[in-house]
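See structure below.
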Amino acid sequence: MLADLNWYVIPLALALDLLIGDPRSLPHPIVFMGKAIERSETFFRRHGKNVFVSGLIFALFLIAATGVLALACVWLALFIHPVLGDVVQVVLLFFCFSTKSLATAATEVGDALATHGLGAGQQAVSMIVGRETHRLDEAGVVKASVETVAENFVDGFLSPLFFALIGGVPMALAYKMVNTMDSMVGYRNERYILFGRAAARIDDVANYIPARLSVPVIALAAAMLSGKRGWAALKTGLAEGRRHKSPNAGYPEAAFAGALGVRLGGPNFYHGTLVEKPFIGIGYTDPNQETIPRACELMVLASLVSMVVATLVGVIA
């Protein structure tokens, strides 16, 4: 099941991510995925009569193509030399992780808020969320940052790790295509309500198990940081994970809420419309500026915990 993924590939990929993050000087596979999505959308829309079916074929084609291309790269590298195969897998898996870049983006929001005030914080957080940030107060800016950290712990680390364990680096990259498609076409607007529906549902299915696995992982990390918060993270994650409108995002958010002792969620404006969302962590109060670095610390530690577990699985398997 682990195919040619040696046990040390995962820790090396995470170490590389934590060391250098997402350097803009390097060509990133996600950029190429985005371009492939843009160009393929036009083709599949033009050659299909049923918009939903066209979107389904579009999604399946891109996912399969990504997996096959990644598999060919790995096999070719392994054929040339096993060491080259390991190097290629480490680098490709590194591109699937976004732990440091996520922590950096959230930290920049906190720094802007602390140094230059609410307006700067609103501007900074607008780079990482889709809600109307100019309407947010300080607690709202912090909430948006913490929620992004929590949700993207799954999308940006735990899910690609999960699929790497199942099908190696090619499956991790195929997952990243799923996630990238959802972020580009998985909207409920006039343009994508039918064409992007399949991509959005595939993303929901892909993240279903990792989102729920995130609760005990976050709880364990919280217990390591502060023993009493581990139980709170587990309890809140299990009790309130279903409160979110997303089938998956609520679980890591609820676990973070319990671990940090803060209230997340609530109504927000999107494209001029007030969207009512339930609060998560209903027994807690709103977060403050200190919550952002604590959330980043929790996310990094949860990533390390996940990596250790995955490495042990690799050794045993």
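The values are calculated or read from the model by the stated rules, or taken from the named source; none is laboratory data. Everything quoted here is computed from the prediction, not taken from an experiment. Every residue, glycine among them, receives a Cβ derived from its backbone with ideal geometry; neighbour counts consider all protein chains shown.
In the range 58-80, which residues are more than 23 Å from the chain's Cα centre (by Cα) and surrounded by fewer than 16 Cβ atoms within 10 Å (Cβ to Cβ)?
First pass over the range 58-80, keeping only residues more than 23 Å from the chain's Cα centre (by Cα): 72-80.
Correct list: 72, 75, 76, 79, 80.
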With over 28 Å from residue 114 (Cα atoms), touching an Asp or Glu at 6+ places or on another chain (Cβ under 6 Å) and surrounded by 15 or more Cβ atoms within 10 Å (Cβ to Cβ) as the only criterion, which of 219, 254, 199 stands out?
199
Which listed residue, of 253, 240, is part of a helix (DSSP H, G or I), closer than 18 Å to residue 146 by Cα, among the acidic types (Asp, Glu) and in contact with a His (Cβ under 7 Å, 6 or more places away or on another chain)
253
Across the range 83-93, what is the total count of residues that are touching a helix residue (DSSP H, G or I) at 6+ places or on another chain (Cβ under 7 Å) and surrounded by fewer than 20 Cβ atoms within 10 Å (Cβ to Cβ)?
2
Could you figure out which of (1) within 20 Å of residue 192 (Cβ to Cβ); (2) in contact (Cβ under 8 Å) with a residue 12 or more places away in the chain; (3) not acidic (Asp, Glu) isn't true of residue 93?
(1)
Provide a single number: the residues in the range 46-57 that are exposed (fewer than 14 other Cβ atoms within 10 Å of the Cβ) and in contact with a Ser or Thr (Cβ under 8 Å, 6 or more places away or on another chain).
1
Just to check your reading of the model, which residue among 196, 227, 261 is modelled with pLDDT under 95 and small (Gly, Ala, Ser)?
227
If the Cβ limit is 7 Å and pairs must be 6+ apart or interchain, which residue in the range 10-24 that is farther than 22 Å from residue 312 by Cα pairs with which residue that is surrounded by 18 or more Cβ atoms within 10 Å (Cβ to Cβ)?
21/100; 22/98
Can you spot a residue in the range 273-288 that is surrounded by fewer than 21 Cβ atoms within 10 Å (Cβ to Cβ), in contact (Cβ under 8 Å) with a residue 40 or more places away in the chain and closer than 24 Å to residue 134 by Cβ?
yes
With the condition kept exactly as written, say whether any residue in the range 178-192 is free of Cβ contacts under 8 Å to residues at least 40 places away in the same chain, buried (at least 24 other Cβ atoms within 10 Å of the Cβ), among the polar types (S, T, N, Q) and part of a helix (DSSP H, G or I).
yes
Looking only at the range 106-153, filter to residues that are crowded, with 16+ Cβ neighbours inside 10 Å and in a loop (DSSP other than H, G, I, E, B); which one of those is farthest from the chain's Cα centre (by Cα)?
136
Hey, can you tell me all the residues within the range 233-245 that are free of Cβ contacts under 8 Å to residues at least 24 places away in the same chain and out of contact with any Pro (no Cβ under 8 Å at 6 or more places or on another chain)?
235, 238, 239, 242
Filter the range 264-317 for residues that are among the hydrophobic types (A, V, I, L, M, F, W, C), over 30 Å from residue 6 (Cα atoms) and modelled with pLDDT of 85 or more and give the result.
264, 279, 280, 282, 292, 295
